[in-house]
């Protein structure tokens, strides 16, 4: 794989770098360098040595000239094209130009075999797999510009923001095939309860160049109305039961911050949590329109079927009050008994809203009232709480906006009373609050995609949701292995041919 420099020169350059490195260490020790100065200088020497070593390694490959003609495994014979073809390769040690012998029927898209690319399993683009790995993982946590600046400082390697965005979208295209290829967790590593939960979070979107301006005088913080698109987040996990009493739950929720916590059983940890997200109503790069909500629920249903084939586990559908979610779960049947649970985190705010109609929300009276109502709700006495709220409204003679607010609270609780059988859920040890999905939604979407001044294009937002799902599930390394194998299978179908050939290394 010859570059314009002679291979012997590259070997000498590597030897010179190693000599310089040895001399630097000895000199730093003699002159009493501070450790910071030594470490900083050492890093620069290592980068230069890495560049020289990479250049020597690539040059040792030669051009991959296998003769005038090469028979392919399918019986086709391809011939060497007249001139070696250059390609750039950027890795963590810099950018290099590779000169390779190419085989095909004619120039251009008919190139059928590039032996060095096959042997080295090079990526389709110019960025090495390790650099793509670094770029992809870092951009799941921080803005593209910050990642580019950080890597330039660390590696002395400049990358453009749009290049990082394209790499993210290319990587994200492999997430769905990776997800589909994963086996379910081992049965003996699962808890006896399967939980399905979902939530939505807004993503600030970038307006199209030809979109009319949004005329808004609303100066509230956050993106303006009409400039967000919901991301639907779904989570599936298993968990062991945790039996509690209504009094224990209320005591925990109303515990003073400085009060000593009462002894309580250790909370079981979720097992094999899997998270995925979709923009609602998005269009993919091929122009196909997607229903993000339906796709999230289809994925969760597939997870439940794979993880509960014998229907022996109870499936807890733990949702907030969004009316779309219970309806969406009906689209795909799943095995096993199911229990619908209204997230308690969405009940307590309603009780506080009702209490605030009769006393200041910060008052001891309001807290005592919420505490009493919540205890009844947890004991299965939702109807009694509704009667009490309505009776207090009549006694107080609420009118106008307050009366409307009271009717709204009562309507919310009455409509969802069948999902509020908390006395049964607590006895069975089922989870009643969706801390897992709330935390996932906040960390998954908000922490990366809703930062100050940030806005997204549709394809970039969906790609980031895909990549974050892999990173947050702890599957990044396994996903990278899958990605490289999948790329190699697609790019180099004739790679096995090289196993039968003695490679012509450069002298």
Cβ pairs under 7 Å, 6+ apart, first in segment 385-398 and farther than 9 Å from residue 410 by Cβ, second surrounded by 10 or more Cβ atoms within 10 Å (Cβ to Cβ): 385/373; 385/376; 385/377; 392/358; 396/358; 398/357; 398/406
Residue match in segment 308-325 (condition: in a helix (DSSP H, G or I), within 23 Å of residue 439 (Cα to Cα) and at pLDDT below 95): yes
Selection within segment 150-165 - farther than 29 Å from residue 284 by Cβ and loosely packed, with under 15 Cβ neighbours inside 10 Å: 150, 152, 153, 154, 156, 158
All positions within segment 268-290 that are at pLDDT 85 or above, surrounded by 12 or more Cβ atoms within 10 Å (Cβ to Cβ) and assigned to a loop (DSSP other than H, G, I, E, B): 268, 270, 280
Some residue of segment 479-492 being more than 26 Å from residue 288 (Cα to Cα), modelled with pLDDT of 85 or more and crowded, with 18+ Cβ neighbours inside 10 Å: yes
Scan of segment 301-313 for residues that are under 23 Å from residue 242 (Cβ atoms) and touching a helix residue (DSSP H, G or I) at 6+ places or on another chain (Cβ under 8 Å), ordered by number: 313
Failed item, numbered, when residue 217 is tested on (1) at pLDDT 95 or above; (2) more than 25 Å from the chain's Cα centre (by Cα): (1)
Boolean, residue 168 is assigned to a helix (DSSP H, G or I), at pLDDT 95 or above and surrounded by fewer than 15 Cβ atoms within 10 Å (Cβ to Cβ): no
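The rows are residues; the columns are (1) over 30 Å from residue 469 (Cα atoms); (2) in a loop (DSSP other than H, G, I, E, B); (3) within 26 Å of the chain's Cα centre (by Cα).
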site	(1), (2), (3)
54	yes, no, no
59	yes, no, no
70	yes, no, no
132	no, no, yes
137	no, no, yes
142	no, yes, yes
159	no, yes, yes
Residue check for residue 395: surrounded by 14 or more Cβ atoms within 10 Å (Cβ to Cβ), out of contact with any helix residue (DSSP H, G or I) (no Cβ under 9 Å at 6 or more places or on another chain) and either closer than 30 Å to residue 276 by Cα or at pLDDT below 95 (or both): no
Within segment 104-115, considering residues that are under 40 Å from the mean Cα position of the chain (by Cα) and touching a residue at least 12 places away in the same chain (Cβ under 8 Å), the one farthest from residue 494 (Cα to Cα): 111
Residue, surrounded by the most Cβ atoms within 10 Å (Cβ to Cβ), within segment 5-21, restricted to residues that are farther than 13 Å from residue 44 by Cα and at pLDDT 80 or above: 14
For residue 433: the one exception among (1) surrounded by 16 or more Cβ atoms within 10 Å (Cβ to Cβ); (2) under 33 Å from the mean Cα position of the chain (by Cα); (3) modelled with pLDDT of 95 or more: (3)
Filtered residue count, segment 405-450, keeping only those that are out of contact with any helix residue (DSSP H, G or I) (no Cβ under 7 Å at 6 or more places or on another chain), in a helix (DSSP H, G or I) and farther than 30 Å from residue 464 by Cβ: 10
Residue in segment 92-108 that is modelled with the highest pLDDT, counting only those that are in a loop (DSSP other than H, G, I, E, B) and either buried (at least 22 other Cβ atoms within 10 Å of the Cβ) or touching a strand residue (DSSP E or B) at 6+ places or on another chain (Cβ under 6 Å) (or both): 93
Filter pass, residue 374 being assigned to a helix (DSSP H, G or I), closer than 25 Å to residue 437 by Cα and either in contact with a strand residue (DSSP E or B) (Cβ under 6 Å, 6 or more places away or on another chain) or touching a residue at least 24 places away in the same chain (Cβ under 8 Å) (or both): yes
Which numbered condition residue 200 misses (of (1) within 30 Å of residue 427 (Cα to Cα); (2) modelled with pLDDT of 90 or more): (2)
Residues of segment 479-507 classified as without any contact (Cβ under 8 Å) to a residue 24 or more places away in the chain and closer than 23 Å to residue 134 by Cα, total: 4
Checking residue 83 against (1) surrounded by fewer than 13 Cβ atoms within 10 Å (Cβ to Cβ); (2) over 28 Å from residue 125 (Cβ atoms), the condition it does not meet: (2)
Residue 117 under 27 Å from residue 156 (Cα atoms), modelled with pLDDT under 95 and part of a helix (DSSP H, G or I): no
Any pair with Cβ under 7 angstrom, 6 or more apart, that starts in segment 74-91 at a residue that is on the phi < 0 side of the Ramachandran plot and at pLDDT 95 or above and ends at one that is surrounded by fewer than 18 Cβ atoms within 10 Å (Cβ to Cβ) and in a loop (DSSP other than H, G, I, E, B): 88/126; 89/126; 90/126
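The values are calculated or read from the model by the stated rules, or taken from the named source; none is laboratory data. Keep in mind it's a predicted model, so treat the numbers as computed, not measured. We place every Cβ from the backbone using ideal geometry, glycine too, and count neighbours over all the protein chains shown.
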